[in-house]
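Would you mind keeping the following structure in view while I ask a few things?
Read the figures in this text as sums done on the coordinates, not as results from a lab. Only a predicted model underlies this, so the values are computations on that prediction, with no experimental measurement involved. Backbone-built Cβ (ideal geometry, glycine too); neighbour counts: all protein chains shown.
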Amino acid sequence: MMKTIRGKLIVYFFVFFFLFYITAISIFVSSNQLTTTYHESFQRFLLLNSISQQSEELYSLTRAFVTESNEKNADAYYTTRKSLIADWKRLGSAFYTIDKIELQNYMNLIDTFIHETELTVGFVMRNDFENYTYHLEETRNASSYIQESTLELINLELTAYQSFYKDMQLRNHSFFLFIIFLFVTSVILAIFFAFWFSNGITRPLKKLSLAAREVSRGELAGEPVEIKSKDELKLLADTFNNMRSNIHGLVEEIKDKSELDRLVKEMELKHLQNQINPHFLFNTLNTLSKMAYLEEARSTSNLIDSVATLLRHSLGDIGGKVALRDEVEVVKDYFLIQKTRFSERIVFKLDIDESCLDVLIPRLTLQPLVENAFIHGIEEKEDGGVISLKIYQSDETVMVEVTDDGAGMEENQIRQLLALSDRSNEHVGHSTGIGLTNVIRRLQLFYQQDHVVEIESEVNRGTTVRLVLPMNDLERVDQIAYSDC
């Protein structure tokens, strides 16, 4: 039976392959004939147009040689004359749709024209003014006759093309009828073979489908499906019976473990209930900000707004993307908070190119870098320090530099950071818990490239962390981020 099913499929394949193969050959042969006829007709139009243009050009070159008989004009004349003679020789074999007498007259006219140009050039070389003037005039007249005759021949060719067009329409109609016949025949054959082939497998499949419905309703302990035929369907039924038996055993095992899982969930829920809801804290901060504003404590209100903004930003999807502009606003709020805490000890500087702020970056990228510069570079210095944020465009990239004049790092520390080593206790921000290595890795995954961060540092002189954001990959980044949502 297994071989029979395979044989039927092979017969299906070869029947339809042979049918469409014959159809394709027929359409190709007919289309090739139409294309050849059209190509020949089009080439005749091109040949006539080429002769017309070259005759005008040859007359112009002849007149130019009369005016100035130098080597350059002579070379141009002989080159054009050679091309015109080549087209002239093609006329006899190309124009079989035109009367031979008319074609011969046209060829004689071209021959006369070429001869007159040759006489004109010859008399110019002999400095015979009277003769080359006369033959130049004859050349002009012959050129005019060629233009007129060319138009007449094109008109005759178009008249002949009308019969070709009617024949093409007739063939298109025949193609249409043939396609209808092919469609009807294919449908009939497909229906016949479909019923003939499916009759032997539909009954076992019905049994399997009924058993599958029982499984979908949760009836896993039903009677096994029995199929007597020794073919693929028998194997499918045995596999289905084994699958249902295995699922039944797994369900019983899951029921045994469900009680333990319930207890674990209850413990996790109690643990969560002991934590502060960050959204409740955010709403509380907003309320405090409004109260401080109403009490005209503007500095306090601004500080609370900055904390609320920082909290709102950190509550967002850590895997999402934001514009660089949003990250800069969060950094400004962070600057305000730290400025309030440390007053004159800390100086913050911003140098930002506004045209670069539409670049997309992962959420919580800049603020952890600035916080890292503050905690590990400036906070421990008694005399404070300076932290600067600079954003500018360089070639096809946007550069983001976070610089401090603090403690700095040694070369081996920089190499460990760039190698994304596991340093869970170093360079981790207080407010978000996101460290420098986390930022580097998320940028690499976001842009799908390794070179996204550069670090320059000198002990007791300061550190510069530079982000290299590719502008050309923005569309690809947007697609990657969208597919991850």
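Exactly which GluC sites (Glu not before Pro) in the stretch 142-232 are in a DSSP loop and have at most 13 other Cβ atoms within 10 Å?
Numbers: sites: Glu148, Glu152, Glu157, Glu214, Glu219, Glu226, Glu232; in loops: Glu219, Glu226.
When the GluC sites (Glu not before Pro) of the stretch 142-232 are filtered for loop state and at most 13 Cβ neighbours within 10 Å, Glu219, Glu226 remain.
Sticking with the crude label model, points 7 Å out along Cα→Cβ, report the distance from Glu410 to Asp383 in nm, one decimal please.
For Glu410 paired with Asp383, the spin-label model returns 2.5 nm.
As an exercise, use a Förster radius of 60 Å and the Cβ-Cβ distance of Arg213 and Ser163 to find the FRET efficiency, rounded to the nearest 0.05. Could the numbers behind the result be given before it?
On the way: r = 67 Å, r/R0 = 1.12.
Efficiency, rounded to the nearest 0.05: 0.35.
Give me, ordered by chain and number, the residues 5 or more places off Val322 or on other chains with an amide H under 5 Å from its own placed amide H.
Excluding prolines and chain starts, which carry no amide H, the hits are Ile361, Arg363.
Here's another thing I want to ask about it. Using a 10 Å cut-off on Cβ atoms, rank the peptides 366-376, 408-418 from the highest mean neighbour count down.
Highest mean packing first, the order is 366-376, 408-418.
Under 19 Å from a label point 7 Å along Cα→Cβ of Leu19: give me every residue in the stretch 173-196 with its amide N that close.
175-196
What are the residues whose amide H is under 5 Å from the amide H of Met471, where those residues sit 5 or more places off or on another chain and H is modelled from the backbone?
Answer set, sorted by chain and number: Thr397, Val398.
At a 10 angstrom cut-off on C-beta neighbours, averaged per residue, how do the peptides 438-451, 48-61, 120-133 rank from highest to lowest?
On the way: 438-451: 17.0, 48-61: 19.5, 120-133: 15.4.
Those peptides, ordered most packed to least, come out 48-61, 438-451, 120-133.
Would you grab the residues whose amide H sits under 5 Å from the one on Glu379? Only those 5+ places off in sequence or on another chain, please, with H modelled 1.01 Å from N.
Under 5 Å from the amide H of Glu379: no residue qualifies.
So if each residue of separation counts as 0.36 nm, and I subtract the Cα-Cα distance between Glu456 and Asp75, what length gain in nm does that give? Write out the running numbers ahead of the final one.
On the way: separation 381, 0.36 × 381 = 137.16 nm, distance 6.84 nm.
Computed gain between Glu456 and Asp75 is 130.3 nm.
Moving on to the next point. Taking 0.36 nm per residue of separation and subtracting the Cα-Cα distance, what length does fully extending Gln53 through Glu40 add? Could you put the intermediate results ahead of the total?
On the way: separation 13, 0.36 × 13 = 4.68 nm, distance 1.98 nm.
Result: 2.7 nm gained on full extension.
What FRET efficiency comes out for Tyr145 versus Glu354 if R0 is 51 angstrom and r is the Cβ-Cβ distance? Round to the nearest 0.05.
On the way: r = 71 Å, r/R0 = 1.40.
Efficiency, rounded to the nearest 0.05: 0.10.
I need the calculated FRET efficiency for the pair Ser83 and Leu189, taking r as the beta carbon distance and R₀ as 45 Å, to the nearest 0.05.
On the way: r = 58 Å, r/R0 = 1.29.
Calculated transfer efficiency: 0.20.
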